[in-house]
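Nothing in this text is a laboratory measurement; each read-out follows from the coordinates by a stated rule. In this text the structure is predicted, and so the values were computed from the model without any measurement. All Cβ positions, even for glycine, are placed from backbone atoms using ideal geometry, and neighbour counts span all protein chains on display.
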């Protein structure tokens with residue numbers, strides 16, 4: 001750790017300089033009037049199938065994912081592979097729900113989920129609930145991206161005490177904030193192309209080179225302790241690890257596209273068809289994520305956890321250091337620079353999109369709704385640019401001053417919170433049957449019980465639900481979503497009144513125009 | 001069906017059953033929680049789920065072509 005690898009650091013720095021230039025140059029790409037929120041915050045909704053593929057891929061498969069999923073395999077074993085069925089489940093959801101949402105948002109000029117809920121259900125408080133949930137869930141997610149950068153910078157040997165130790169992170173943050181401010185969504189869209197290519201190169205190189213060094217996949221897997229190789233078979237009267245695995249995959253999948261940054265990426269597509277095509281093309285990233293999860297096992301088999309040169313890294317970052325250690329152990333310095341740049345840039349892309357999404361939410365659904373009703377386009381875009389800056393600064397302060405484990409726990413809570421917006425957003429795309437106040441009560445119940453259950457299970461994802469002597473361990477988010485839906489369904493007929501707020505959207509808004 | 005019918009209604013909704021197949025297999029761990037048969041030394045649990053990603057992508061593409 002103490003030794004700086006100058007070759008790796010130079011390659012890393014050069015790639016970082018390149019994407020910095022690219023981020024600023026992106027302002028001129030498919031040029032639009034950046035004083036409009038839909039131009040700055042959605043890239044003018046002009047991205048075709050290919051750019052959407054890079055952008056959404058770069059958005060959803062974050063640097064933190066690339067570090068945390070293999071880290072889970074390294075530490076806990078087979079359960080980390082839940083990320084694979086998770087990504088199998090998300091794409092049918094993308095295919096079914098999001099083209100409709102894209103059409104209605106395009107037709108009505110909506111930019112956020114809050115905009116849609118406001119228009120569909122006519123209740124500003126329900127829209128506020130959806131927007132605040134989005135903000136709460138996004139903030140720790142941005143902090144975790146900065147953690148991803150921190151891990152690779154630490155691995156490069158750049159260290160120090162106090163402010164000096166955090167200087168590289170602060171520089172990376174400054175770059176991120178500046179190009180997001182000036183170019184909006186065009187910056188992460190163009191950088192995503194570079195990032196994704198680097199990540200693919202790294203993943204495939206690692207999956208080919210490391211097994212060759214270690215004597216093949218057979219040797220690698222025979223070095224894995226039996227307890228980590230498969231899911232533990234459930235004990236009597238319990239669905240055990242099986243239900244935990246499946247609900248974790250399903251719940252994470254349903255939550256994913258409710259995150260504001262996912263929606264921002266999807267709404268920037270140029271058509272509903274571009275989204276549907278991506279539902280079939282994006283699994284390319286899922287496959288790569290599965291390969292990356294295997295890196296956790298490679299790290300176990302290579303024994304990097306016991307090598308003295310990596311002890312300090314594991315002490316500081318825990319299992320999250322497994323992938324950086326494996327890369328340094330297996331590759332020449334120049335390629336270490338490439339791989340680490342892939343992870344570092346992989347953090348900037350989603351962090352930029354998340355901060356843009358959060359800024360859109362605040363500007364549209366809080367400021368405009370509650371403080372200033374009719375801002376000019378210019379005012380609205382200016383405010384969003386500043387809010388994106390403040391959001392990122394908050395994340396930076398958080399990651400520097402607050403212990404990492406709180407960011408991870410908040411991120412876990414964020415998943416439980418964001419899924420509570422599913423009835424209003426995802427079901428709202430299909431039906432106006434629900435009563436707005438019933439949805440609001442369901443949301444509140446889900447938020448409260450979800451938070452309580454998360455603390456009751458010591459901030460682990462799985463809650464041990466006991467019914468009639470059987471235990472069903474499962475993802476808290478999914479259980480609380482069931483409660484939320486139940487309340488919304490039961491209360492809707494009871495709360496329905498003749499003077500219910502109007503739905504400003506019409507059935508034909510949800511489809512492509514008839515030719 | 002008259003000439004006014006939008007393109008999107010071409011093809012039956014039965015195609016969506018392919019999504020149900022994707023879900024059912026991916027979310028039922030007893031099906032794949034085993035070591036054998038291995039592929040190039042990779043336990044079944046891992047290679048099967050990776051292969052299922054590719055199968056799912058093909059199934060989604062079929063739904064796209066059938067419905068679009």
Practice problem: Binning at 5 Å from 0, report for the range B:7-67 what percent of all alpha-carbon pair distances ends up in each bin. | Solution: 4, 18, 22, 17, 14, 10, 7, 4, 2, 0
Quiz item: Given the Cα-Cα distance of residue A:229 and residue A:124 and 0.36 nm per residue of separation, how much length would full extension add, in nm?
Solution: 32.8 nm
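How would the range A:239-339 be classified by its alpha-carbon gyration tensor: rounded, prolate or oblate, with rounded meaning a/c under 1.5 and the a/b versus b/c comparison settling the rest?
prolate
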Quiz prompt | Efficiency of FRET between residue A:465 and residue A:405 - r from beta-carbon atoms, R0 30 angstrom, step 0.05 | solution = 0.75
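How would A:196, A:377 line up from fewest to most surrounding beta-carbon atoms within 10 angstrom?
A:377, A:196
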Quiz item: Roughly what would the spin-label model give for residue A:432 and residue A:31, points 7 Å off Cα along C-beta, in nm?
Solution: 4.2
Quiz item: Average projected area of the Cα convex hull of the range A:355-397, in nm²?
Solution: 2.7
Quiz item: What is the fewest-to-most order of A:508, A:458, A:369 by other Cβ atoms lying within 10 Å of their Cβ?
Solution: A:458, A:508, A:369
Quiz item: Which FRET efficiency, nearest 0.05, do residue A:273 and residue A:136 yield, Cβ-Cβ r, R0 41 Å?
Solution: 0.80
Practice problem: Could you state the angle between the C-alpha long axis of helix A:124-155 and the longest principal axis of the C-alpha atoms of chain A, as a value from 0 to 90 degrees rounded to the nearest 10? | Solution: 10
Exercise. Rank by packing, highest mean first: peptides A:290-299, A:481-490, with packing defined as the count of other Cβ atoms within 10 Å averaged across residues.
Key: A:290-299, A:481-490
Quiz item: Which FRET efficiency, nearest 0.05, do residue A:236 and residue A:496 yield, Cβ-Cβ r, R0 41 Å?
Solution: 0.35
Exercise. Let me know the mean shielding of A:408-420 by other chains, meaning the per-residue number of their Cβ atoms within 10 Å of its Cβ.
Key: 0
Quiz item: Under the definition of Cα pairs under 8 Å and six or more residues apart, what whole-number percent is the relative contact order of the range B:7-67?
Solution: 46
Self-check item: Cα convex hull volume per residue for the range A:187-278 (Å³)
Solution: 161
Quiz prompt | Spacing of the two label points (7 Å from each Cα toward its C-beta) at residue A:311 and residue A:17, in nm | solution = 3.7
Practice problem: Mind checking B:24-32 for the average number of partner chain beta-carbons within 10 Å of each residue's beta-carbon? | Solution: 6
Practice problem: Take the Cα radius of gyration of the range A:228-278 and divide it by 2.2 N^0.38 Å, with N its residue count; two decimals is plenty. | Solution: 1.77
Quiz item: Dividing the convex hull volume of the alpha carbon atoms of chain A by its residue count, what do you get in Å³ per residue?
Solution: 144
Quiz prompt | Sorted largest first, extent of the range A:391-515 alpha carbons per principal axis (Å) | solution = 52, 48, 31
Quiz item: Rounded to the nearest 5, what % of the DSSP beta bridges within the protein assembly as shown are antiparallel ones?
Solution: 80
Quiz item: Per residue and in Å³, how big is the convex hull formed by the alpha-carbon atoms of the range A:335-464?
Solution: 195
